[in-house]
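The structure under discussion appears below in the form of structure tokens.
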Amino acid sequence: WEQEARMQSDELGALKASQATLAQSLDILGRASRDRHSSVLARFECLEVALRELSDSHADKLEADDAKFELVHSRLAEHGLHENLYSQLDEFQKVLAEQKAELSAHQGMLVQRVDYLETTLGASSDKLARTV
């Protein structure tokens, strides 16, 4: 009976030692996890601050660009340039298309005349060569 009690006492001591080792390991893991968690939180907070600053900077730039756009738009609207320029450009394009068509027709007539002159001069030079 004493021997059995000793064996159980030894087993109990081994279990207590194992439990103490396990508790220490869990404590170490818990501290590492808390450290890692706090490190991740700190980095996340840093990213939030950087993102907020970047967002504010972009918002400021966007407001400045909007103000510039509004200024240019108001100047164009005051002078009515955009509508007037578009209509003038359209009319100019039509005039250029008409002139191109006229020049193409004139070029066709010139080609016919040059061909006629070449034929006539060729025939005259052949006739002159025969008489001489």
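A quick yes/no check of all residues on (1) at pLDDT 90 or above; (2) of a type in the set (Val, Ile, Thr):
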| site | (1), (2) |
| --- | --- |
| SER87 | no, no |
| GLN107 | yes, no |
| THR120 | no, yes |
| SER125 | no, no |
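Just to be sure, is LEU41 open to solvent by 90 Å² or more (accessible area, probe 1.4 Å), of a type in the set (A, V, I, L, M) and in a helix (DSSP H, G or I)? No: the conditions fail for LEU41.
Here the condition is being surrounded by 10 or more Cβ atoms within 10 Å (Cβ to Cβ) and within 52 Å of the chain's Cα centre (by Cα); of SER33, SER124, it holds for SER33 alone. Set side by side, the residues GLU78, GLU48, GLU91, GLU83 differ, and just one is surrounded by fewer than 10 Cβ atoms within 10 Å (Cβ to Cβ), in a helix (DSSP H, G or I) and under 45 Å from the mean Cα position of the chain (by Cα), which is GLU78.
The values are calculated or read from the model by the stated rules, or taken from the named source; none is laboratory data. For clarity, every value in this text was computed on a predicted model and none was experimentally measured. Using ideal geometry, Cβ is built from the backbone for each residue, glycine included, and neighbour counts are taken over all protein chains shown. Only protein heavy atoms, including side chains, enter the accessible area calculation; ligands, DNA and RNA are left aside. Shrake-Rupley method; radii C 1.70, N 1.55, O 1.52, S 1.80 Å.
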